[in-house]
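Report on the following structure.
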Amino acid sequence: MFIQLNGVSVVGMESHPVRVEVDISQGLPQFSTVGLPDASVKESKDRIRAAIRNSGYHFPRAHVTVNLAPADIKKEGTGFDLPIAIGILAAEETLAPSSIANACFMGELSLDGSVKPVRGVLSAAFTARDAGVASLFVPVQNASEAAMVEGIAVFGVETLPQLVEHLCAREPLAATRVDADDLFMRKRRFEIDYREIKGQKQALRAMEIAAAGSHNILLIGPPGSGKSMLARRLPTILPELTFEEAIDITKVYSAAGLLQPSEALIGVRPFRSPHHTISDVGLAGGGQTPHPGEISLAHLGVLFMDELPEFKRNALEALRQPLEEGSISITRSAQSAVFPARFMLVAAMNPCPCGYFGDRARTCRCSPQQIRQYQGRISGPLLDRIDLHIEVPSVKYRALTGREEGESSASISQRVGVARRLQEQRFMGQGSQTNARMTEKQIRTYCQIDEESHRLMEMAIEKLGLSARAMNRILKVARTIADLEGSPAVESPHIAEAIQYRSLDRSLI
């Protein structure tokens, strides 16, 4: 008997509708799967056979052929276990073909018939809805994230017999419902605040500028000067996510298999802090089956790279494309995948191996050659892609023990929000959303400067040896400074302050 039903193939962030065709014919007992399946799909026959038998149903002693169409798309993952098993049961007339006609199935089967969670369910739910499917059956652990998609009924399944009873209308399942607005509108709570930072007024000003324009920033200073404290508090002043941005982030975490069963939607901007021993694949993503790396997991959030020179050279150079384009393309011999990577890079480093070069309190033990080699681990092209380079000196005792508190994250966030709204109005319908993402044409349009500012730029380029990319970065930062002050035009004080945040890439590094 021949049966066909709906499934979904998920590759990276993309998903495609798949027609699962099951044919049972006379012949020697055999189970074959065609349609460009990978190893995990081919292995499913043993899981499916055991799951059906251990669930109390009959597995046919005949020739079983499963075709996954279209055959030109590679099928990977364990999500095809459930639709194939349902197709076999329908072909054996345990289920009526009409009960699966307008439904889609996705899930991995255990040998005892229980249904285990899979990756990429959120993306698959969008694909199933767009294909006109009315019902989606997924593992119960993935039901909440799938229910975020409107226009399709989502059912969480714990075991294969439970699904069969539902399809036979004997024990119907209740559709999973999630109040997306309630999840999204929950106010974020942070246990840290910029109020706790002592001293470092210039660094705090730079962090505010970085947040206002979504600029990349490099913090340079001795150990214990507060670089990590400054970086980890950056999410407290970033604008809250829109619902569309929250869905984009959740898709990435769903594809990576990092979404918790109780977490249907990620409502706060991610903060990722990989260790400096991470590989280039772990940072950028990839592998035999492309999966998102740390830069994609930081999408629309913050990627904090502490001890930047200690990272492997290949890992650092892998940052160059996503910093410019906001996405990363992973290409392998059999397939390719594109992952979003529009993040803020916050990097921190010591000025030398011992960490005390230029420190006022302690003497550096490193030779000039050691200092040059250490600072030279960061290439010029990567530095050019970092908008602000900030020196974070050690804090004096009186500043540390003083009773005076710094400005709170809430008040800084208000100014950042005003600046971001100005940028949204400026770039409405143009693709860019922040000053850091301005194109060459937009820079010429929105960053026009007067003669005095031109002289300042000329002096900076001649004395510091800045590249054309660095010059554009200065103009973008100056535009953000003007937005924070509510100025419609970029003036010479804004240019001067922006140049100040670029001086370290030639005088120190």
Quiz item: In segment 304-326, which residues are charged (D, E, K, R), free of Cβ contacts under 8 Å to residues at least 60 places away in the same chain and either part of a loop (DSSP other than H, G, I, E, B) or open to solvent by less than 70 Å² (accessible area, probe 1.4 Å) (or both)?
Solution: Glu307, Lys312
Exercise. Just give me the residues in segment 468-503 being in a loop (DSSP other than H, G, I, E, B), open to solvent by less than 40 Å² (accessible area, probe 1.4 Å) and out of contact with any strand residue (DSSP E or B) (no Cβ under 8 Å at 6 or more places or on another chain), in sequence order.
Key: Ser487, Val490
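Table: residues versus (1) closer than 28 Å to Thr127 by Cα; (2) surrounded by fewer than 20 Cβ atoms within 10 Å (Cβ to Cβ).
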| residue | (1), (2) |
| --- | --- |
| Arg19 | yes, yes |
| Gln26 | no, yes |
| Val41 | yes, no |
| Ala51 | yes, no |
| Gly56 | no, yes |
| Asn67 | yes, yes |
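Looking at Ala231, Ala246, which one is buried (at least 21 other Cβ atoms within 10 Å of the Cβ) and within 25 Å of Asn142 (Cα to Cα)?
After applying the criteria, what remains is Ala246.
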Self-check item: segment 135-151, residues that are part of a loop (DSSP other than H, G, I, E, B) and at pLDDT 95 or above
Solution: none
Exercise. Tell me the strands (runs of 3 or more DSSP E) entirely within segment 1-56 that contain at least 2 residues that are polar (S, T, N, Q) and within 27 Å of Thr250 (Cβ to Cβ).
Key: 2-11
Quiz item: Residues in segment 95-121 that are β-branched (Val, Ile, Thr) and either more than 13 Å from Thr78 (Cβ to Cβ) or more than 30 Å from the chain's Cα centre (by Cα) (or both): how many?
Solution: 1
Exercise. Could you grab me the full set of residues in segment 124-165 that are open to solvent by 30 Å² or more (accessible area, probe 1.4 Å), among the β-branched types (Val, Ile, Thr) and more than 25 Å from the chain's Cα centre (by Cα)?
Key: Thr159
Quiz item: Just a yes or no: is a residue in segment 327-349 assigned to a loop (DSSP other than H, G, I, E, B), over 17 Å from Ala436 (Cα atoms) and in contact with a Gly (Cβ under 9 Å, 6 or more places away or on another chain)?
Solution: yes
Practice problem: Please determine, by comparing only the residues of segment 278-303 that are crowded, with 23+ Cβ neighbours inside 10 Å and over 17 Å from Ile266 (Cα atoms), which one is modelled with the lowest pLDDT. | Solution: Pro290
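The values are calculated or read from the model by the stated rules, or taken from the named source; none is laboratory data. Being a predicted model, the structure only gives us computed values, none of them experimental. All Cβ positions, even for glycine, are placed from backbone atoms using ideal geometry, and neighbour counts span all protein chains on display. Areas reflect the complete protein model, heavy atoms only, side chains present, ligands, DNA and RNA absent. Shrake-Rupley method; radii C 1.70, N 1.55, O 1.52, S 1.80 Å.
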